[in-house]
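The values are calculated or read from the model by the stated rules, or taken from the named source; none is laboratory data. Since we're looking at a predicted model, the values are computed, not measured. So basically every Cβ, Gly included, is an ideal-geometry build from the backbone, and we count neighbours across all protein chains shown.
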Amino acid sequence: MKNLIDTHFHLDFYKNHKQIYKDINNLQQYTLCMTNTPEIYQECQKLYFNTKYVKFALGFNPKSNNTRESFTKFINIFKGAEYIGEVGLDFSKQYKSRIEEQKQYFEIIVDLCSSVNKLLSIHIRNAEDSAIEIIKKYKPKKCIIHWFTGNNNQMQQLINLGCYFSINANMINNKNLLLIPKNKILIESDGPFTQVNGKKYEPKLLKQQYDIISKVLNEPKLEEIVYKNFNNILIIK
């Protein structure tokens, strides 16, 4: 059996994050830990080693109260970060006052990632058309769409742009999932913001999450597919 992979996880949101970090390594589950600000990314780098199974991504989440000073810090440490996330656009009501600012930041981030071919995990909420426009402009090759909630047409556009999609067990009622090509499917937990069989997500539940999604997609070889897809995205030139 291949090692399980979680492409979108928030270690810093767990009160018992030190134990969770140990659990991931003991379970030997490859996990990309997102951060929402460059400051949090730096704190995680101080607290923890990047191990074989735990990697940290440099983030600039549109839902966080990031400042221009924070973005300057993001740019300054960008070169040393292997993965980028969580970044993106969120035009939900509470963030509408910052739409233009969000777009400016996101465009710079996508441009940077595209120019040096870095993997990025993208949050899009009520902003699909704007995100697609920017992705289409810069064509990043290692682009993962996290928890997609847009429509069929928007998903198809992102598929045509070569994007991968990370999905979790809380998305199983989204019929758009069936549109995703098998070679573009990845699994995320988005822990601790999800549940698996009624329980708050913890790494020990990742296998159950795979099983749930495997049934929805009618794909018994999901673990092998995700393992292959993640390795493929890492080696894209």
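May I ask you to verify whether Ile145 is β-branched (Val, Ile, Thr) and either part of a loop (DSSP other than H, G, I, E, B) or closer than 17 Å to Tyr83 by Cβ (or both)?
yes
Name the single residue that is farthest from Phe9 (Cα to Cα) among those in region 166-204 being without any contact (Cβ under 8 Å) to a residue 12 or more places away in the chain and not polar (S, T, N, Q).
Among them, the one singled out is Lys175.
Collect the residues in region 219-231 that are touching a helix residue (DSSP H, G or I) at 6+ places or on another chain (Cβ under 9 Å) and either assigned to a helix (DSSP H, G or I) or over 11 Å from Lys182 (Cα atoms) (or both), keeping them in residue-number order.
Pro220, Leu222, Glu223, Ile225, Val226, Lys228, Asn229
Given the criteria of a type outside the set (S, T, N, Q), more than 24 Å from Ile132 (Cβ to Cβ) and more than 16 Å from the chain's Cα centre (by Cα), does Glu39 qualify?
Values: of a type outside the set (S, T, N, Q): yes; more than 24 Å from Ile132 (Cβ to Cβ): yes; more than 16 Å from the chain's Cα centre (by Cα): yes.
Yes; evaluated as a whole, the condition is true for this residue.
For residues that are among the hydroxyl-bearing types (Ser, Thr, Tyr) and not in a helix (DSSP H, G or I), tally how many sit in region 106-140.
So in region 106-140, the residues among the hydroxyl-bearing types (Ser, Thr, Tyr) come out as 114-115, 121, 130, 138.
The next check asks that each one be not in a helix (DSSP H, G or I); those that pass are 121.
Residues meeting the conditions: 1.
Within region 164-204, how many residues are out of contact with any helix residue (DSSP H, G or I) (no Cβ under 9 Å at 6 or more places or on another chain) and in a helix (DSSP H, G or I)?
The total comes to 1.
Spot the failing condition for Ile236; the list is (1) modelled with pLDDT under 95; (2) surrounded by 15 or more Cβ atoms within 10 Å (Cβ to Cβ), and only one is missed.
(2)
Among the residues of region 91-107, are any closer than 26 Å to Ile24 by Cβ and within 18 Å of the chain's Cα centre (by Cα)? It would help to see each step written out before you state the result.
Taking region 91-107 and keeping what is closer than 26 Å to Ile24 by Cβ, we get none.
No, region 91-107 contains no residue that is closer than 26 Å to Ile24 by Cβ and within 18 Å of the chain's Cα centre (by Cα).
Can you tell me which of (1) over 16 Å from the mean Cα position of the chain (by Cα); (2) surrounded by fewer than 13 Cβ atoms within 10 Å (Cβ to Cβ) is the one Asn231 doesn't meet?
Going through the list (1) over 16 Å from the mean Cα position of the chain (by Cα); (2) surrounded by fewer than 13 Cβ atoms within 10 Å (Cβ to Cβ), Asn231 breaks only (1).
Of the residues that sit in region 113-142 and are surrounded by fewer than 20 Cβ atoms within 10 Å (Cβ to Cβ) and of a type in the set (D, E, K, R), which one is nearest to Phe56 (Cα to Cα)?
Lys141
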